[in-house]
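Below: the structure, in structure tokens.
The values are calculated or read from the model by the stated rules, or taken from the named source; none is laboratory data. Just so it is clear, the structure is predicted and the values come from calculations on it, not from any experiment. All Cβ positions, glycine included, derive from the backbone under ideal geometry; neighbour counts span all protein chains shown. We work out accessible area using only protein heavy atoms, side chains counted, and drop any ligands, DNA or RNA first. Shrake-Rupley method; radii C 1.70, N 1.55, O 1.52, S 1.80 Å.
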Amino acid sequence: MPYLETVKTYTGNDVEKIFFRPMLTGPSAADLGIRVLYNLPAPTTVQYWSPYRNILQPLEGSGWNGGKGANKLQKTIRMERVKAELAFSAADYYSMVYETITAQPDVNFEDLTGTIIEQAETAIFKQNIAENLRVTMWIGDTQNAQGYNTFNGLLSHIKAFKEDEAFTPISYSAQDKQDPAFIPSLFNNLWDQLHVDAQSAKHEGQLAFFVTSDIYNLYEKYLDSMGVDAAYTGTLEGHTELMYHGIPVIDIRLSRYLADTSFDQSFALLTDRRNLILAVNTADMPGNEVRMWYNPDEMENRQRATFMAGTAILDESLFSYAHIL
């Protein structure tokens, strides 16, 4: 079986255009469900402005009677230097790349140019980087000796908030989960505890429930138990997108990762999507590159990417949190 031995190196703008911008903007960023900042100047600083209030004034002659300015909340996101590395046996890598190519409907197998193979290799690497960014975005913890420890994720920030007496999570017992009907009570309590400024984001379509898979599945069962045609259809066809009172319910899909962490295994979070932030930077890191090469000594195909990444919760008062003990 032949091997793929051509070295491929991307630097500068190619790193952005080919690898990172396609998976961190547009629909790909929307799939993460939170606010994604890509290649903002380092150090990455994010701002939140409250609405300007009382700007309407009586028109009485000349002069300036401007209302009070908006409040600004600003936070600098700590960015960590990160590298992503993958190694495959040469035979396995060859099979993976060609399987990706054969899945394309318009491939001419009599003319498999280097560009087509390069696109297939790039797709494999991007998929792995994207998934690991998504997972680390949630469970990353720099205090871990190994595992997802390259930068602190959102759950690390929440864990720190729990040490503040002003932050009060809603607690449930495992017994509460025995009845799917407890889910509406959970969502209602999250809504009631949410700050009024965050509640106002509902009409903008920015609020979302972020839940672990067990809570998501319980909500599906609750909907299935409703005696309506929509419940019957959902039982047969599944629920493509769950909502509660017009607010999306998002499964963060971390069940296979949370078991190896000290974080809550079952939880639900209600917040403005813009309050949760993932920042990635490839422009301001010296020596940033993506490289794919063949190592003949080990008979391996290897891939490496270097960049900077970090997360932040902009305002801890703008979300409510419940966990199952």
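Does L223 satisfy the condition of being assigned to a helix (DSSP H, G or I) and at pLDDT 90 or above?
On the way: assigned to a helix (DSSP H, G or I): yes; at pLDDT 90 or above: no.
No.
Answer yes or no as to whether A145 is modelled with pLDDT under 90, over 18 Å from D251 (Cα atoms), open to solvent by less than 70 Å² (accessible area, probe 1.4 Å) and aliphatic (A, V, I, L, M).
no
Sort out which residues of the stretch 63-86 are at pLDDT 85 or above and in a loop (DSSP other than H, G, I, E, B), and write them in order of number.
Once the filter is applied, which keeps residues that are at pLDDT 85 or above and in a loop (DSSP other than H, G, I, E, B), the stretch 63-86 yields I77, R78, M79.
Cβ-Cβ under 6 Å, sequence separation 6+ or interchain: first residue in the stretch 242-257 and within 17 Å of G147 (Cβ to Cβ), partner aliphatic (A, V, I, L, M). Which pairs?
Y257/V135; Y257/I139
Looking only at residues in the stretch 288-305 that are part of a strand (DSSP E or B) and among the polar types (S, T, N, Q), which one is surrounded by the fewest Cβ atoms within 10 Å (Cβ to Cβ)?
N295
Looking at (1) surrounded by 14 or more Cβ atoms within 10 Å (Cβ to Cβ); (2) without any contact (Cβ under 8 Å) to a residue 60 or more places away in the chain, which one does D176 not meet, given that it meets all the others?
(2)
Looking at (1) outside any helix (DSSP H, G or I); (2) modelled with pLDDT of 90 or more; (3) touching a Lys or Arg at 6+ places or on another chain (Cβ under 9 Å), which is the only condition D214 fails?
Among (1) outside any helix (DSSP H, G or I); (2) modelled with pLDDT of 90 or more; (3) touching a Lys or Arg at 6+ places or on another chain (Cβ under 9 Å), the lone unmet condition for D214 is (1).
Go through the residues of the stretch 116-131 one by one and say whether even a single one is open to solvent by 60 Å² or more (accessible area, probe 1.4 Å), assigned to a helix (DSSP H, G or I), without any contact (Cβ under 8 Å) to a residue 24 or more places away in the chain and not charged (D, E, K, R).
Checked against the condition, which is being open to solvent by 60 Å² or more (accessible area, probe 1.4 Å), assigned to a helix (DSSP H, G or I), without any contact (Cβ under 8 Å) to a residue 24 or more places away in the chain and not charged (D, E, K, R), the stretch 116-131 yields at least one hit.
Of all the residues that make up the stretch 32-62, how many are modelled with pLDDT under 70 and open to solvent by less than 80 Å² (accessible area, probe 1.4 Å)?
3
Limited to the stretch 1-31, what total is found for residues that are of a type in the set (A, V, I, L, M), touching a helix residue (DSSP H, G or I) at 6+ places or on another chain (Cβ under 7 Å) and surrounded by fewer than 14 Cβ atoms within 10 Å (Cβ to Cβ)?
Residues meeting the conditions: 1.
Do we have any residue at all in the stretch 276-287 that's over 15 Å from the mean Cα position of the chain (by Cα) and without any contact (Cβ under 8 Å) to a residue 12 or more places away in the chain?
Yes, some residue in the stretch 276-287 is over 15 Å from the mean Cα position of the chain (by Cα) and without any contact (Cβ under 8 Å) to a residue 12 or more places away in the chain.
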